[in-house]
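The values are calculated or read from the model by the stated rules, or taken from the named source; none is laboratory data. Since we're looking at a predicted model, the values are computed, not measured. Virtual Cβ from ideal backbone geometry, glycine too; neighbours counted across all protein chains shown.
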Amino acid sequence: MVFSSLSFLFIFLPLCLISYFLVPKQKVTLRKYILLFFSLIFYAAGEPLYIFVMIATVAITFSFSCKVEKHSKTALALSICFVLLPLIIFKYLNFIIDNLNILFGFNFKAIQLTMPIGISFYTFQILTYIIDLYRGNVNRQKNVGYLALYIFLFPQLIAGPIVRYADIETSLSACKESKDKILEGARRFIIGLAKKVLIANQVGFIVSEIGGMPFSQVGTSMMWLSSIAFTIQLYFDFSGYSDMAIGLGKIFGFNFKENFNLPYISVSISDFWKRWHISMSTFFRDYVYIPMGGSRCHFGRWIFNVLIVWMITGLWHGAKWNFVLWGLYYALLLMIEKFIVHIFNLKLKNIITTKFTNIIRPFTYLLTFILTVIGWTLFMHDTNNFMEMIHYLQRLFSQTEVINPISIRALDLQSYIPCLLIGIILSSPLILIFKKIKAYTYPNWIIITGKIINDIFLITVFILSIIFIVGQNYNPFIYFRF
Amino acid sequence: MKYISTLIIILTIITFCITSYLWIPQNKISNLEMRTLATFNMAFHPNTDSIVYKTTFIARLEEAMKDQFVFRNIIVKKLSELKANLGNLYDLILNYVNFNNKKVKTYQEYKHPKLEKFPKQQYTLSKIGDFYRINNTNYLCEAPNPKPQNSQLISFRIDQIHHIQQLYPKIKIYSYFVSSIDMTPWFDSYLGITTPDLFEEIAQALPDNIKVKRLVYKDFEEYKKLFFASDHHLNYKGSLKTYQDIYEMISADFALPEYKKAIEIWDFSYLFGIKYRGSRANRLQEDYNGWDKFIVFEHNLGNRQTSALNPKTLKETPAVLSLFNNYKNGSIYFDIYYDHYIHFYGDALLENGITVNDQNYIYVIRNNIKTGHNLLLITDSSGRAIRDVLGTLFDTLVYIDYRIISKINIDYIIDKYKIDIILLNGFGTVWTNDEFVFHFSDNFHNREKN
């Protein structure tokens, strides 16, 4: 079940909301258990068997948490191993087998296993709890139901954001809902739904149609179109889902942190990673990079840390070498950027004025965007073949060996181009203009009128989203595969 | 005051949610989409043979909710219109950018003989829905349109024909205009308008080595023999007349095989009780009770190979063109809204069993007759009925509906199939529709420059 499905919008969510809010606010435990019940139903609807894997993981986490709280390193190590074990088996086992076969000439057979939905997300969530518990940053959750609720909570269960236990510790055992928060949450949910259905799904057609063509017919311009479309699709799909998750969390009294902050207006790669999938990048920073020493070590060790963290980041996204290469691509860019900043601070800081910085800013936006698109080109083609990866990148700059190149018309993509353009505008620095307009001080009557118009707009957008869900069959969730 | 907008939002959303499923008629078939619909019964009692079967309960429930959604037909129709409009907008902008800065060319140096004119007649029209009854009969037509056509678009269309002629001077181009009754001046005095002669205007703008001819009928009685009452297409006699006209036009310049007479007439209405309600009847639904007989001519098509070319992948697959064999065997869809003309002539069966149509595929007919001539037939739906019999006259016939001509590079087709004759066939909309745009491969234009 996905958020942008009719069964969720018209059956699951209304039933959940009615059941939850019918219970008086004073009966906190009952409300939480109802939420837990519906979260279990939500997951079981998609993965009836793998729910037991999750239940077992919760049980193991709960049973180890007592010893972990007492700073037992053995308990910490064991619990981390047990929590990571399902992830390794379901996601990485075949990758390991394939590479062992290639490296050592073994003949191990791949195992037919479907990956449980959201395993990468909830595994990392559990890890934040265990590690923060060990560090003393959070209190042990003594109620197994509340711990299960933290892990199973359906708004963020299958595609994030990766919610840290510390962020919702108090909300688990208290009812923090209010009318304002419910409305705010509903508004956020509708925006997320619109991003997903009206932009991401439409732009996704372009990606899937071009992706379905023989590579020999995809010329340079179509390759760029496909990559840019994927860039927009991924952002609106994932941030739309995050918006829906945050909105739903708010409705139920949970405050999830923001997961995206207009990443395509970044002026540098490091800026990009402060804006894109923030919950994941901060996880790797706080639980992998910093414990390894971060940047507070000698130069060689720092390079090692960066490479390892980004390799793991790539692997987290998928068990294929293109994801590893994608991670290393960003490692290299970040290292180059750090070097440039270092030189700037040493030699140019007193020479280059703010005026000059403002002049080159649009170019830095553009450069960062282009570098991001190139990165997504590597990301979007799942492959272990390095030559294929090179060909995909090469095709962005040259179309030798292209025969009978396809066109937008040939694939009947004309009607999706306006959605792509809207997506580009809404994710570009032009969106900052809206923010500036919003930041002004207005008289009361304008504020009230603005709120009414905003709500009417949201209702219209909601109805339009339903229309598109009903009338179209294409409704993928890209980050599901992680 | 603070919560009024809140209350409005809540009530609107709840009302929308509830009314969405207030009436659940459990439709089993969609006439609009021509497919089986998933029902709630199927979600709970799955039928693995059904085309809408899904493996999980949630997926089946989701399909049922989508297929049984209130106003689904309107939603699907409006979405498809939106998609078409957005596509047209893209084409318009692109055409404007590419061609609008060019001046409208006049080709007064070309002088065609005038097209055969329609004799003067006067008939009446009475409105029925979006159409008109002619002389209070069951024969329907569109509204005659006295407005001048988009001269920019027609000029662009003619520019393209000129361009092809210049690039391929050895190719002989013909144009056959299928005149619908609303293009004649027969209703001018009744309506107090002057209907412009679009085809004459186009004919005079074309190069004079392009032969042109139009379908002419002398009065309404002859019109009734040639056209369906409830559909905008020509019936079997009308299609035969266009074939005869085209044969006459082309055989004056080329030595074609003998004119093929029909060997059989198949009256499917008599044989299987088909009451053909065509495109206009389908739009009018219960407001119009007319229908037509569905009759076709059978010709001896000889020993030929037929295939369907996918314009996206450029892969050619052996295919049986038209559903003639199905109809002969009684394997017919009897739904009152089923468009027999479109499917009978327009569909093809690929060798893997999949049915395709001429809105997505290009059809190729090859004969072992060695005339040395290969025809490219660019047409609208009026060309469907004459495709197969025309195909007997050439070594190869390539049939492309003009609505998908922009999906393939025209030079690719001309070079691959060694086309030496091009026939443009169709109603006025072929010339006035945005979709009819030739495209050339980039390599082709570079070759030109060199």
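Structure above, values below:
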quantity: Yes/no for A:Val461 being among the β-branched types (Val, Ile, Thr), closer than 30 Å to B:Lys78 by Cα and under 25 Å from the mean Cα position of the chain (by Cα); calculated: yes
quantity: Pick from the stretch A:168-184, criterion more than 12 Å from chain B (Cβ to nearest Cβ) and polar (S, T, N, Q), ranking: surrounded by the fewest Cβ atoms within 10 Å (Cβ to Cβ); calculated: A:Thr170
quantity: Failed condition for A:Phe108, given (1) surrounded by fewer than 14 Cβ atoms within 10 Å (Cβ to Cβ); (2) hydrophobic (A, V, I, L, M, F, W, C); (3) closer than 23 Å to A:Glu47 by Cβ; calculated: (3)
quantity: In the stretch B:375-401, the residues that are hydroxyl-bearing (Ser, Thr, Tyr) and either under 19 Å from the mean Cα position of the chain (by Cα) or in a strand (DSSP E or B) (or both); calculated: B:Thr379, B:Ser381, B:Ser382, B:Thr396, B:Tyr399
quantity: Some residue of the stretch B:98-113 being within 14 Å of chain A (Cβ to nearest Cβ), at pLDDT below 80 and within 30 Å of B:Asn209 (Cα to Cα); calculated: yes
quantity: Test for B:Gly278: is it over 30 Å from B:Ile171 (Cβ atoms) and buried (at least 21 other Cβ atoms within 10 Å of the Cβ); calculated: yes
quantity: The stretch B:29-82 - residue that is acidic (Asp, Glu) and within 26 Å of A:Gln202 (Cα to Cα) and, of those, modelled with the lowest pLDDT; calculated: B:Glu33
quantity: Candidate set from the stretch B:290-338 (those that are touching a residue at least 40 places away in the same chain (Cβ under 8 Å) and acidic (Asp, Glu)); member that is nearest to the other protein chains (Cβ to nearest Cβ); calculated: B:Glu316
quantity: Number of positions in the stretch B:321-362 that are of a type outside the set (Ser, Thr, Tyr), buried (at least 17 other Cβ atoms within 10 Å of the Cβ) and outside any loop (DSSP other than H, G, I, E, B); calculated: 12
quantity: The listed residue being away from chain B (no Cβ under 12 Å), at pLDDT below 95 and farther than 30 Å from B:Leu314 by Cα, out of A:Ile206, A:Ile162; calculated: A:Ile162
quantity: Conditions (1) assigned to a helix (DSSP H, G or I); (2) closer than 27 Å to B:Ile369 by Cβ: number failed by B:Pro257; calculated: (1)
quantity: Hey, A:Lys27 surrounded by fewer than 16 Cβ atoms within 10 Å (Cβ to Cβ) and more than 18 Å from A:Phe121 (Cα to Cα) or not; calculated: yes
quantity: Flag for B:Ile365 being modelled with pLDDT of 90 or more, crowded, with 18+ Cβ neighbours inside 10 Å, assigned by TED's automatic domain parsing to the domain that holds B:Leu240 and touching a Gly at 6+ places or on another chain (Cβ under 6 Å); calculated: yes
quantity: Count - residues of the stretch A:405-422 that are more than 7 Å from chain B (Cβ to nearest Cβ) and either at pLDDT 85 or above or farther than 15 Å from B:Val437 by Cβ (or both); calculated: 7
quantity: Residue that is nearest to the chain's Cα centre (by Cα) [pool: residues in the stretch B:343-371 that are over 18 Å from B:Ser307 (Cβ atoms) and in contact (Cβ under 8 Å) with a residue 40 or more places away in the chain]; calculated: B:Phe344
quantity: Helices (runs of 4 or more DSSP H) contained in the stretch A:190-291 and holding at least 3 residues hydroxyl-bearing (Ser, Thr, Tyr); calculated: A:220-251, A:278-284
quantity: Any hit, the stretch A:185-194, residues being in contact with a Lys or Arg (Cβ under 7 Å, 6 or more places away or on another chain), of a type in the set (A, V, I, L, M) and surrounded by fewer than 24 Cβ atoms within 10 Å (Cβ to Cβ); calculated: no
quantity: Candidate set: the stretch A:1-25, residues that are assigned to a loop (DSSP other than H, G, I, E, B) and touching a residue at least 12 places away in the same chain (Cβ under 8 Å); chosen: the one farthest from the other protein chains (Cβ to nearest Cβ); calculated: A:Lys25
quantity: Total residues in the stretch B:402-432, condition in a strand (DSSP E or B), within 14 Å of chain A (Cβ to nearest Cβ) and within 13 Å of the chain's Cα centre (by Cα); calculated: 0
